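Scroll down for the structure; my scribbles are underneath it.
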Amino acid sequence: MYVQNAKSSERKPVTVPGLHAMKAQGQRIVVLTAYDTSFAMQLESAGVDVALVGDSLGMVVQGHRSTLSVTLEHMVYHTGMVARGLSSTLLIADLPFMADRDVPHVLEAGARLVGEAGAAMVKIEGAAPHVLDGIAALVARAIPVCAHVGLTPQSVHKFGGFRIQGREQAAADRVLDEALAVQSAGADLLVLEGVPRALGERVTQALKIPVIGIGAGPQCDGQVLVLHDMLGITPGKRPKFSKDFLAGRDSIAAAIRAYADDVRSGAFPAPEHCFD
Ligand code: KIV
């Protein structure tokens, strides 16, 4: 089969300043993961705003139990494939485990994911001092950064599993402090994962930059899901915060369009997808 680059979209390209404008105008931002060209083209034609090449590929594509075995080579390979399927959708690529270990490694990863593979932005987990240095170093080289706090999957062993974060008052305050710290370091976007919905609302109101929730309640500025979760094809149990949008629909395109519509209308996430 011959796959053509997606060049035909009539939509204006989604940009980083455009995402800030969407927050200011109260327009919800639709984000979905993708790992290859064919699915990237589906996201593009469904009008998804942002495609994320997440290191979740380690779990849903490679079959591992965590994201920790994903390498920079894997991320560059999959990001390149997704880039070739997009034209107007903004592309974010994850920094894999330990690519944030110091500023030179962060810059090398940023250069490869943006310069070689075609991402417009890179995502980095956590808010430890070395991560804040990494964010500042990328931003100084004009590489926009999406930060990620709350349930950060690369910390799975520290958390003792994929556990909801910020349930106690002190822990919630810590998540908010981390969100403010990554914003001060220069991040342009934040993924907030696996926190009670009240904390999702609190962080979203406190930050100037858009907050994209996953298991963080309906008040975030946008939502992200893992593609395989929202198509109901993730091996094992579907996470509580996700929804099978393919159920009752006859195509992947219709499922992705329904997800985008429900995020924009606020119908997703519903109370049963949230943590209290
Ligand atoms: O790796 C990933 O897909 C992610 C999303 C779950 C936000 O980080």
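Considering the chain, its Cα convex hull presents a mean projected area of 13.5 nm². Give the shape of region 1-100 as rounded, prolate or oblate, defined through the alpha-carbon gyration tensor: a ≥ b ≥ c are the square roots of its eigenvalues, a/c under 1.5 means rounded, and otherwise the shape is prolate if a/b is larger than b/c and oblate if not. Oblate, because a/c is 1.5 or more while a/b does not exceed b/c. Taking loop as defined by DSSP and a crowding limit of 16 other beta carbons within 10 Å, which trypsin sites (Lys or Arg not before Pro) in region 221-276 fit? Here the trypsin sites (Lys or Arg not before Pro) that fit, given the DSSP loop and packing criteria, are Lys237, Lys240, Arg249.
Straight-distance candidates among the lysines for linking to Lys23, with alpha-carbon spacing under 22 Å and chain neighbours fewer than 8 residues away dropped: Lys12, Lys123, Lys208.
Computed packing ranks the peptides 150-162, 107-119 as 107-119, 150-162, most packed first, by mean other Cβ atoms within 10 Å. A simple packing score, the average count of other Cβ atoms within 10 Å per residue, orders the peptides 226-232, 265-271 as 226-232, 265-271, with the highest score first. In loop segments of region 194-276 as defined by DSSP, there are no chymotrypsin sites (Phe, Trp or Tyr not before Pro) with at most 11 further C-beta atoms inside 10 Å of their C-beta.
In this rough spin-label picture, where each label sits 7 Å from Cα along the Cβ direction, the Asp102-Ala247 distance is 5.0 nm.
Amide H contacts of Asp94: Val53, Asp55, Lys123, each under 5 Å away and 5 or more positions distant or on a separate chain (H built 1.01 Å from N in the peptide plane; Pro and chain starts excluded).
For trypsin sites (Lys or Arg not before Pro), the sites in region 11-71 that DSSP calls loop and that have at most 12 other Cβ atoms within 10 Å are Arg11, Arg65.
Here the label points at Lys240 and Ala21, each 7 Å from Cα along the C-beta direction, are separated by 3.9 nm in the simple model. When only alpha carbons are used to place a centre, region 226-260 and region 101-169 end up 26 Å from one another. Taking every DSSP helix (H) stretch of at least 4 residues in the chain, weighting each as -39,500 (n - 2.57) and dividing the sum by the residue count yields a mean residue ellipticity at 222 nm of -11000 deg cm²/dmol.
Across region 16-273, Cα pairs under 8 Å and at least six residues apart give a relative contact order of 18 percent.
Laboratory data are not the source of any read-out in this text; all were calculated from the coordinates shown. Computed from a predicted model, the values in this text were never measured in an experiment. Glycine gets a Cβ as well: all are built from the backbone with ideal geometry, and neighbour counts include every protein chain shown.
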